Amino acid sequence: MNQEPLSIALPDNLKNYLFEQVSQGACNSPSEYIAQLIRADQKRKALENLETLVLEGIESGDAGEMTDEEWAALRRGDWQPQSSGAEP
């Protein structure tokens, strides 16, 4: 992985906290600690997105049962949802 230097300015209280975390063994370097925070933020946002998608799915109504053919198409990557045309 190509790493390009990045310079950031932090207030003293945040800089002190960062160095304290490194000295306590949270990470091996300030860069590693910041990278860890970014990865945690990425994971949090991905989970928020997943939650949104799950709620949209739940709120979209009854899904009904899928046929064996629909499952096979889903596995192939060419499945398209079919409207049943029936009202719930």
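The values are calculated or read from the model by the stated rules, or taken from the named source; none is laboratory data. Nothing here was measured: the structure is a model prediction, and the numbers come from that model. Cβ placement follows ideal geometry from the backbone for every residue including glycine, while neighbour counts extend to all protein chains displayed.
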Query - Qualifying helices (runs of 4 or more DSSP H) (wholly inside the chain; at least 2 residues being on the phi < 0 side of the Ramachandran plot and either β-branched (Val, Ile, Thr) or at pLDDT 95 or above (or both)) - result: 12-23, 30-59
Requested in this report: Can you tell me which residue among 80, 36 is among the polar types (S, T, N, Q), surrounded by 10 or more Cβ atoms within 10 Å (Cβ to Cβ) and out of contact with any His (no Cβ under 7 Å at 6 or more places or on another chain)?
Outcome: 36
